[in-house]
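Here the structure comes first, spelled out in structure tokens, and everything after it is commentary.
The values are calculated or read from the model by the stated rules, or taken from the named source; none is laboratory data. This one's a predicted model, so the numbers in the text were calculated from it and none came from an experiment. Cβ coordinates were reconstructed from backbone atoms using ideal geometry, including for glycine residues, and neighbour counts include every protein chain displayed.
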Amino acid sequence: MRIGVLGSGFGQAHCDALRANGHPAEILWSRNLARAEKAARAHGVPRWTDRLEDMDGLDLVTIATPHHTHLDLIRRFPLSAIICEKPLHGRRISPEQRVRPGAPVFVHYSFPFLETARRIEAAVRDGRVGRVYRVVVNVRAWFGTPGDPLEQYLGVASHELAWLIHLFGALEYRHHAWRRDPLSAHASFGNDTVEVDLNLVQGSRYGIIMDFTFFGSAGELRCEGGWYGEQGWSFQPVLGDGVALGPAEQSTGGCIWLRSNTRFFSQAIAVLEGRLAAATARAEGVWTLADAARVEDAYGPMLQDA
């Protein structure tokens, strides 16, 4: 399989995930040729370019560029399979943009492939806490400077929202409130089964720290963790009514977030090679264009005044 990567920033994580799955990229593109060369050399990619036409004819193109470029780049390579970084676009996606004839498109949300997420999902689906009727997620993010609410919500909170849609099905926008300084964003979503509060605030320490509470008719699930800057990613044990349902998930022996990336890429590649049914991968969290557009549907109204 001939593979190319678009993007010299997070595209480097794509290079690592591809190589870990035995399918190294053969070319890396960036608008800035010097950055393309630096990233390619750092990750063992033999060719680099700043010309999109050099990416034509590849079996698989992965996209890790700014989110507002994603849909144009997906359309630019109609004959190549695509793995596109989240979010799909950051605005509502029209019906005709949700399907593409020919080669498949997968949108990369890593969260479902964390062991912590899988443990919570199993507890929810097994009915350990009864019927889940409300979920509250609090995310505290700080990257050294005040952030734009729109970009922070797209870059950080879209992961949690996408995962909850994976768990509970499409969620409708209810209401939201923004504050820019200090950053604060509260949003509510829901459907006939569950109501979700997803809050993003400016943190007091460098990183992305999140806590989850799942309220069920027969108990509660709780978990806390995230990215602690130089300490890396980790999650405390998932608690069912205060009892640990398994061990903590820590980045000993490798970053757990990069491992979740690798798992996603493994399943997407297996589908492309015919070793895994697309429906099976989709159930695990390997999303199509139409699946990923449900995230834009949910948060689209709240971004109009951001």
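Every residue, every condition in (1) out of contact with any Cys (no Cβ under 8 Å at 6 or more places or on another chain); (2) buried (at least 16 other Cβ atoms within 10 Å of the Cβ); (3) at pLDDT 95 or above, yes or no:
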| residue | (1), (2), (3) |
| --- | --- |
| Asp16 | yes, yes, yes |
| His23 | yes, yes, yes |
| Leu33 | yes, no, yes |
| Ala42 | yes, no, yes |
| Pro46 | yes, no, yes |
| Asp56 | yes, no, yes |
| Val61 | yes, yes, yes |
| His67 | yes, yes, no |
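Tally time: how many residues in the range 256-276 are assigned to a loop (DSSP other than H, G, I, E, B) and either surrounded by fewer than 17 Cβ atoms within 10 Å (Cβ to Cβ) or not hydrophobic (A, V, I, L, M, F, W, C) (or both)? Full working, then the answer.
Narrowing the range 256-276 to residues assigned to a loop (DSSP other than H, G, I, E, B): 273-276.
When the remaining residues are screened for being either surrounded by fewer than 17 Cβ atoms within 10 Å (Cβ to Cβ) or not hydrophobic (A, V, I, L, M, F, W, C) (or both), the result is 273-275.
Matching residues across the range 256-276 total 3.
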Residue in the range 87-94 that is of a type outside the set (Val, Ile, Thr) and not in a loop (DSSP other than H, G, I, E, B) present: no
Criterion violated by Ala283 - all others in (1) under 18 Å from the mean Cα position of the chain (by Cα); (2) crowded, with 16+ Cβ neighbours inside 10 Å; (3) not in a strand (DSSP E or B) satisfied: (2)
Unique match (being within 19 Å of the chain's Cα centre (by Cα) and either at pLDDT 95 or above or not hydrophobic (A, V, I, L, M, F, W, C) (or both)) among Leu154, Leu114, Leu150: Leu114
Residues located in the range 102-133, provided they are among the aliphatic types (A, V, I, L, M) and either touching a residue at least 12 places away in the same chain (Cβ under 8 Å) or surrounded by 24 or more Cβ atoms within 10 Å (Cβ to Cβ) (or both): Ala103, Val105, Val107, Leu114, Ala117, Ile120, Ala123, Val124, Val129, Val132
Residue in the range 150-172 that is in contact with a helix residue (DSSP H, G or I) (Cβ under 9 Å, 6 or more places away or on another chain), in a strand (DSSP E or B), surrounded by fewer than 21 Cβ atoms within 10 Å (Cβ to Cβ) and touching a residue at least 40 places away in the same chain (Cβ under 8 Å) present: yes
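I'd like the full set of residues that are outside any helix (DSSP H, G or I) and without any contact (Cβ under 8 Å) to a residue 12 or more places away in the chain, limited to the range 41-82.
Pro66
Considering each of Arg119, Arg134 in turn, give the residue that is over 16 Å from the mean Cα position of the chain (by Cα), basic (Lys, Arg) and assigned to a helix (DSSP H, G or I).
Numbers: Arg134 fails: assigned to a helix (DSSP H, G or I).
Testing whether each residue is over 16 Å from the mean Cα position of the chain (by Cα), basic (Lys, Arg) and assigned to a helix (DSSP H, G or I) leaves just Arg119.
Just wondering, is there one or more residues in the range 211-219 that are under 16 Å from Leu161 (Cβ atoms), among the β-branched types (Val, Ile, Thr) and out of contact with any helix residue (DSSP H, G or I) (no Cβ under 6 Å at 6 or more places or on another chain)?
First, the residues of the range 211-219 that are under 16 Å from Leu161 (Cβ atoms): 211-214.
Among the residues that remain, those that are also among the β-branched types (Val, Ile, Thr) are: 213.
If we keep only those that are out of contact with any helix residue (DSSP H, G or I) (no Cβ under 6 Å at 6 or more places or on another chain) as well, we get 213.
For the range 211-219, residues under 16 Å from Leu161 (Cβ atoms), among the β-branched types (Val, Ile, Thr) and out of contact with any helix residue (DSSP H, G or I) (no Cβ under 6 Å at 6 or more places or on another chain): present.
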